[in-house]
Amino acid sequence: MTFAQASPNTADWQQQANQYLLQANYTQAAYLYEQAIATEPEAKSYYWHLGLMLLLQGQEAEAQMAWVLGMAEGEPEQIEQWTAELIQILQVEAQRQEALEDYQLAWAIRQHIQEIAPTNVNNLLHGILLSIQLETFTGENLTASGIIELLEANESAVDSNLLVLVLQKILNYSPDHPDVFMFTEVCLNHSTAPQVFLDLVLFTSQKIAYSAMRPRLASRLAELCLRRFPNHIEVLKHITGFYQDSYQYIQGVETAKRYYELTNSLVDKATAHQLLFRALMSASGYWKEACLTLEKQKLLMLSLIQERPNNIEQESNINLLNLPFFLPYFNDDPHNNRFFQNQISHLFYENFEIYAKDVVEQYGCRPSSHSIKTTNKKVLRIGYISHFLRRHSIGWLARWLFQHHNKEDFQIYAYLPGYSSVDDFMQQWFVNNTYHTYRFEMPSVEILKQIQKDEIDILVDLDSITSPSQCEFLSTKPAPIQVTWLGWDAIGLPSIDYFVADPYVLPDSAQEYYTEKIWRLPNTYVAVDGFEVGVPNLRREQLDIPDDAVVYLVAQKGYKRHLDNVRLHMRILKEVPNSYLLIKGPADEASSRTFFEEVAEEVGVSCDRLRFLPIVGSEEIHRANLGIADVVLDTYPYNGATTTLETLWMGIPLVTRVGQQFAARNSYAFMMNVGVTEGITWTDEEYVEWGVRFGKDEALRQQVAWKLRQSRQTSPLWNAKQFTREMEKAYQQMWQRYVEAGE
């Protein structure tokens, strides 16, 4: 049938009109409806369909005219019924266009529905989804549409599933707009399925905090949940972490205490207590309370070790790994500290094997599922797994290994849980230097699937317990050899084979308290070719410090500031006239200032000689600003690591106290590798003596600075290529041992 022959008198004309619609031949379909109206002017649906066909052709004014004609002379009740019919027809077509992925046309139809029925909440929600799809959404859309007020009034029936979907899309698209916050709060307060909305907002907050690295924004979203559910344990737990990660330490302490008060089980109490401990340590100024908290934390851990519960749920089990985290910050006692770490890690491992039995059986490495074991394997497949291959200490240090790897003998893979995008730093240093880099927005079994598919020979964990959820992958043991390098310290998992060290960073007796085999590289366990340095934005005159003054600097996080060590800083300051102490690093300024000033007064040092520095915008500027210091005072019993490397690279003398645990020997190991022993101390008295000596002897400072500059040409610490060859040799030897063991 041709268009000219089409007639509404034909029995199947409506079927033909629908066929034209499906073929997007809207002109022919409109003609049929025009003919139908001429024949049956009282059939109102013809007007609604005619207007739709005109709208689909972009003739919006004509479409509205057709609808107005259809409504003419109707009684109020009739008009209400006809309007509902028209809306139904438009909704069906909008859904069809959405299925065809013609989002612009679907959006236009939704806009006309909105004009006809401005209080139709579900239509407004569909319109928001379409604007996000078209990338035209802004927070103002929520205010302009009136949807927030409609949801608050709860005047219309709302599709709860649709509302959840819209909230999810909005939070992923534009989570930081003020109107989005209002919309989110309204959703949380909505009467239908409040727990679903809570779970969604809390899950999104975690992604924002840990994948997008925006903990302050995450804390603001979580605050909406807290207002709706003030005593919700999960909300309190997560918001406490967000507060601490965004330097809102006072709030972190308050929410941690509330969380602890509401917990019941031993596992939950230990987790809550650890979060409180973290908050107190991060803020500085809570030293006495932190000491009491530490002792209670030890008792809770001992109870767990003795009871050995075997029914711990997944999330609670992951939280176990952080329980001993702060022990090395308080005491240089590796035997006891490692006892707690190893025992808690074993408890985690035992529970993981119970609730993840199927995962272990499916993805755990088996010789039969792996490539043929041979000592003369031409190419070893090395996988690195880390949440921190970005502008982070681990990223700054690990990048050189990736750059210098011999790509002919080693096939390098990177597995990055918690990443939704790749920035320039990650692309340059990691993606460009791997055979393949995989990103996973959230930790999932997909990581194990990929490691198994890639047939990784050696899986190298870079994070240790700083990424607790990652320990589940390592417990599965998807690769025949697993190694921990960098990170915090060894994890203590039975599934980890080796912990990489060097001749200095662990004493000879250390194997006694490590479950992993310590693999010592010949010189240093880490090396870099250098650091990028920007332009300093800090000058002495800004800080009201005379040009001829001696400037000491401590640049570590709040929880590295041990009271006894800070007392040594003040003793040094007291004995060196015209000297000042600069305190830099994340901590609550008010409590940190109180902490340092109280110690200064106790030792007899004027508080006027203390300066508190803000956090700067980039690592490059941070390194440049180190140059304001004459001497850097290291922390103890937890030394600096990346900060120490940066200090030595900048040629600044360092005073460090050496202990027995890994955390108390980093600076010692680095200084031995650059050939500088000046400033290495083994007792508190030596620490003060070297601090005073550096302060009073400018020539000595210059001599050490010259040594440090010269070391750039000779030290293994600044030769990442040589270090990479040593790591590669270690990998080959690990593989050979594995093959010869016949496991």
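Each reported figure results from applying straightforward, stated rules to the coordinates on display, with no laboratory input. Only a predicted model underlies this, so the values are computations on that prediction, with no experimental measurement involved. Note: ideal-geometry Cβ built from the backbone for every residue, glycine included; neighbour counts use all protein chains shown.
Net charge within 11 Å of V576 by Cβ-Cβ distance, Lys/Arg positive one each and Asp/Glu negative one each, not counting V576 itself?
Working: positive: R571, K574, R609, R693, K696; negative: E575, D630, D697.
Surrounding charge for V576 is +2.
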Looks like the range 540-717, by Cα gyration tensor root eigenvalues a ≥ b ≥ c and the a/c under 1.5 rounded cutoff (else prolate when a/b is bigger than b/c, oblate otherwise), is rounded
If N is the residue count of the range 63-165, its Cα Rg over 2.2 N^0.38 Å rounds to 1.12
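Hey, what number do you get for the chain at 222 nm if only DSSP H runs of n ≥ 4 count, each worth -39500 (n - 2.57), divided across all residues, to the nearest 500? Don't jump to the answer; show the numbers that get you there.
Numbers: 33 runs with 415 residues, N = 743.
That comes out to -17500 deg cm²/dmol.
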Taking every other residue with Cβ under 15 Å from the Cβ of R391 and scoring Lys and Arg +1, Asp and Glu -1, one gets -2
Looking only at lysines whose Cα falls under 25 Å of K560's and that sit 8 or more positions away or on another chain, we get K237, K257, K269, K288, K296, K298, K574, K584
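Suppose R0 equals 45 Å. What FRET efficiency, 1/(1 + (r/R0)^6) with r the Cβ-Cβ distance, do E295 and S606 give to the nearest 0.05?
Numbers: r = 34 Å, r/R0 = 0.76.
With R0 = 45 Å, the Cβ-Cβ based efficiency is 0.85.
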Of the listed links K449/K721; K207/K453; K407/K707, those spanning more than 30 angstrom between alpha carbons are K449/K721; K407/K707
Straight-line reach check, K696, cutoff 13 Å on alpha carbons, 8 or more apart in-chain or any other chain, hits among aspartates and glutamates -> D548, E575, D630
Taking alpha-carbon centroids only, the range 283-304 lies from the range 508-552 a number of Å equal to 28
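If packing is taken as the average count of other Cβ atoms within 10 Å, what order do 454-460, 71-77, 328-334, 182-188 fall into, highest mean first? Before the final figure, lay out each step's value.
Values: 454-460: 23.0, 71-77: 9.9, 328-334: 19.7, 182-188: 21.3.
Highest mean packing first, the order is 454-460, 182-188, 328-334, 71-77.
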Taking the dipole of the range 274-355 about the Cα centre (Lys, Arg +1; Asp, Glu -1; charges at Cβ), the one of L321, A279, Q343 that reaches farthest to the positive side is A279
Answer in debye to the nearest 20: the dipole magnitude of the chain about its Cα centre, from +1 Lys/Arg and -1 Asp/Glu charges placed on Cβ, is 3140
Dividing the surface of the Cα convex hull of the range 360-520 by four yields a projected area in nm² of 9.6
Computed ³J(HN,Hα) along the range 600-613: with the Karplus parameters 6.51/-1.76/1.60, θ = phi - 60°, integer Hz and x for glycine or proline, the list is 4, 5, 4, 7, x, 10, 5, 5, 5, 9, 9, 10, 10, 9
For 48-54, 260-266, 143-149, ranked highest to lowest by mean beta-carbon neighbours within 10 Å, the order is 48-54, 143-149, 260-266
Note on the range 613-687: alpha-carbon gyration tensor, axes a ≥ b ≥ c; rule is a/c under 1.5 for rounded, else prolate if a/b larger than b/c, else oblate; result prolate
Neighbours of Y525 by Cβ distance under 11 Å: Lys/Arg at +1, Asp/Glu at -1, summed charge 0
Listing D179, D608 by rising number of other beta-carbon atoms within 10 angstrom, fewest first, gives D608, D179
Amide H neighbours of D529 at under 5 Å, excluding residues fewer than 5 places away on the same chain, with H built from the backbone geometry, are A720
Treating only Lys and Arg (+1) and Asp and Glu (-1) as charged, each at its beta carbon, one finds that the range 300-444 has a dipole about its Cα centre, in Debye to the nearest 20, of 680
Exposed trypsin sites (Lys or Arg not before Pro) being those in a DSSP loop with at most 12 other Cβ atoms within 10 Å, the longest stretch of the chain free of them is 1-377
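Over the chain, what is the relative contact order in whole percent, taking alpha-carbon pairs under 8 Å and six or more residues apart?
This gives 9 percent for the chain.
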At the level of C-alpha centres, the distance separating the range 669-684 and the range 310-349, in angstrom, is 30
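Taking the inverse of the average 1/r across all pairs of different Cα atoms in the range 181-305, what Kirkwood radius in Å do you get? Before the final figure, lay out the partial values.
Working: mean 1/r = 0.0667 Å⁻¹.
Roughly 15.0 Å, rounded to one decimal.
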Interchain or sequence-distant (5+) residues whose placed amide H lies within less than 5 Å of the amide H of I481 are L459
Using alpha carbon centers only, the range 460-490 is separated from the range 564-636 by a whole-angstrom value of 35
Taking only Cα atoms of the range 618-743, the Rg to Rh ratio with Kirkwood Rh works out at 1.09
Simple SL model, points at 7 angstrom along Cα→Cβ for L700 and A72; separation in nm is 10.3
